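Report on one structure; see the data block that follows.
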Amino acid sequence: MKRIKTLETRDLCDSAKTGGCGECQTSCQSACKTSCGIANQQCEKTEK
Amino acid sequence: MIHRYTLDDLHIVLDVNSGSVHVVDEVAYDVIGLYDEGRTREEIIPALLEEYAGRDDVTKADLEDCCDDVEELKVQGKLFSPDTFEPLAGELKNRSAGVVKALCLHVAHTCNLNCSYCFASQGKYHGDRAVMSFEVGKQALDFLMDHSGTRRNLEVDFFGGEPLMNWQVVKDLVAYARSVEKARGKNFRFTLTTNGVLIDDDVIDFANREMHNVVLSLDGRKEVHDRFRVDYAGKGSWETIVPKFQKLVQARNNKGYYMRGTFTHHNPDFLEDIKVMLDLGFTELSMEPVVCAADDPSALTAEDRELVKRQYEDLARLMRARRQEGRPFTFYHYMIDLTGGPCVYKRLSGCGSGTEYMAVTPWGDLYPCHQFVGEEKFKLGDVWHGVTSPEVQEEFAACNVYARPECRGCWARLYCSGGCAANAYHATGSVKGVYEQGCDLFRKRMECAIALEAERTLGED
């Protein structure tokens, strides 16, 4: 596409079929302790 | 829903529901914007031909191609994708009802610093000073293992007050967990959050062997840090702790830590504090806006928040420049993995406070998270009897992206998962409220994080 570059991203709709194992970190445990963000967390599911 | 924004010369379009990120030029930016307003291609093309009159590269045929591309992305589910997630909201929590995977252990409700901005009221959480016994801590770890179902990775944060004021108990609890984790099929990940005053060689050796992560409290510039982070004689702690932090971080090979600061009304120009941290040799950084009552003298004003937003942009520029110079650093809120980030269940289900994550007081009471400790009406139960106030837990279990009407119209909802229940409660009186001032800053952080990552990805290509 000439004017649009689409980055590779995890397809969230697709993740509805395979996700939800719950192994990932709780949201504010690692550093901030005063806000909630989940974007910086890693998925820990071994088979996606 | 889409969200369009520009940071410096980078035009970005996010497709909220699919998570797609598109980097576009200004023509495509306008085309997508007009589609978003409900305009048809028959309206869009003449409008943009007029707007870009005089530009040789913007022809009717070219705009036709651009419209084709947008419509193709829509067919692929990467633009204007519908929100089909509401039926899934809460499913992860329902599926894992009763499963706990993380505890914040308040091993010391006391502190050797007297920081007036402390949300925990100098570590006492509006109560009496206390330290956790080994027996209470062991029972908390047993409670966690007993209630963690099939979860393998268990997180435990040694928190306070100041956890190093009860260091032997911390060490004994880690030893206990290590002695049983294999047989129980678990993997403990410990975190230590400390103000640094009591760090010595023993703490460094032990923490670097056993702690998955250490969170070190430093506010940046000496005068900024020492404004709040003082001992009971009123003496600033910067001079004492900085060499200790440097020694600890160096000994753990500059990994697995966060230098965590708080900025307030007194230093909304927090980028200067980040630069000081960098000058001191620290590269894993987290700076947080103060959370306090609106009438507190430390609270950020509307004017401060505008400055803070500009600072977030400048921070992104500094990170870009340092990356290009081969001197990268990490800012906690700008870490984003576009290909390997959380699944949609996680993005919908909220932070997990009160369900999979709980805080434990020195005497073994359970609260939904560390920020609710001391709010008696939120007490969930204790580590011996488990959750004995199911009505409190149900309130937290019901928190998800769709629980707050305001979130439905927000493009960032799948990056924050509905926000912090404690901030919502303190700002509005309800855990299902919205802490709009925090949301405002969060959205700016996400714009910067995504722009930085997009730029990095394009640079690799």
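The values are calculated or read from the model by the stated rules, or taken from the named source; none is laboratory data. Because the structure is predicted, anything quoted here is derived from the model rather than measured. Every residue, glycine among them, receives a Cβ derived from its backbone with ideal geometry; neighbour counts consider all protein chains shown.
Out of contact with any Asp or Glu (no Cβ under 6 Å at 6 or more places or on another chain), among the aliphatic types (A, V, I, L, M), surrounded by fewer than 20 Cβ atoms within 10 Å (Cβ to Cβ) and touching a residue at least 40 places away in the same chain (Cβ under 8 Å) - does that describe any residue in region B:300-317? The answer is no, given that none of the residues of region B:300-317 is out of contact with any Asp or Glu (no Cβ under 6 Å at 6 or more places or on another chain), among the aliphatic types (A, V, I, L, M), surrounded by fewer than 20 Cβ atoms within 10 Å (Cβ to Cβ) and touching a residue at least 40 places away in the same chain (Cβ under 8 Å). Restricted to region B:134-171, and to residues there that are within 26 Å of the chain's Cα centre (by Cα) and among the charged types (D, E, K, R), the residue that is farthest from the other protein chains (Cβ to nearest Cβ) is B:162. Residue check: is residue B:121 in contact with a helix residue (DSSP H, G or I) (Cβ under 9 Å, 6 or more places away or on another chain), closer than 23 Å to residue B:289 by Cα and modelled with pLDDT under 95? No: the conditions fail for residue B:121.
Scan B:14, B:10, B:73 and give me the residue that is within 19 Å of residue B:408 (Cα to Cα) and either touching a strand residue (DSSP E or B) at 6+ places or on another chain (Cβ under 6 Å) or in contact (Cβ under 8 Å) with a residue 40 or more places away in the chain (or both). Answer to the selection: B:14.
Look at residue B:339 and say whether it is out of contact with any Gly (no Cβ under 9 Å at 6 or more places or on another chain) and in contact (Cβ under 8 Å) with a residue 12 or more places away in the chain. No, not satisfied. For residue B:268, the stated conditions hold: it is more than 21 Å from residue B:191 (Cα to Cα) and within 20 Å of the chain's Cα centre (by Cα). Hey, does region A:22-42 have a residue that's touching a Cys at 6+ places or on another chain (Cβ under 9 Å), more than 7 Å from chain B (Cβ to nearest Cβ) and not acidic (Asp, Glu)? No, every residue in region A:22-42 fails to be touching a Cys at 6+ places or on another chain (Cβ under 9 Å), more than 7 Å from chain B (Cβ to nearest Cβ) and not acidic (Asp, Glu).
Criterion applied to B:40, B:59, B:84 was being β-branched (Val, Ile, Thr), at the interface with chain A (Cβ under 10 Å from one of its Cβ atoms) and out of contact with any Asp or Glu (no Cβ under 9 Å at 6 or more places or on another chain), and the one residue passing it is B:84.
For residue B:390, the requirement of being away from every other protein chain (no Cβ under 14 Å) and surrounded by 24 or more Cβ atoms within 10 Å (Cβ to Cβ) is not met. The condition (being free of Cβ contacts under 8 Å to residues at least 60 places away in the same chain, under 26 Å from the mean Cα position of the chain (by Cα) and within 23 Å of residue B:211 (Cα to Cα)) is satisfied by just one residue among B:174, B:107, B:100: B:174.
Filtering region B:406-461 to residues that are of a type in the set (S, T, N, Q) and closer than 27 Å to residue B:378 by Cα leaves B:417, B:423, B:428, B:430, B:437.
Considering only region B:223-233, state which residues are touching a residue at least 24 places away in the same chain (Cβ under 8 Å) and out of contact with any Leu (no Cβ under 7 Å at 6 or more places or on another chain). Of everything in region B:223-233, those that are touching a residue at least 24 places away in the same chain (Cβ under 8 Å) and out of contact with any Leu (no Cβ under 7 Å at 6 or more places or on another chain) turn out to be B:224, B:227, B:228, B:232.
The residues listed here are B:433, B:438, B:418; of these, the one that is within 12 Å of chain A (Cβ to nearest Cβ), in a loop (DSSP other than H, G, I, E, B), small (Gly, Ala, Ser) and closer than 22 Å to residue B:357 by Cα is B:418. Among the residues of region B:87-115, the one identified as surrounded by fewer than 22 Cβ atoms within 10 Å (Cβ to Cβ), within 9 Å of chain A (Cβ to nearest Cβ) and in a loop (DSSP other than H, G, I, E, B) is B:99.
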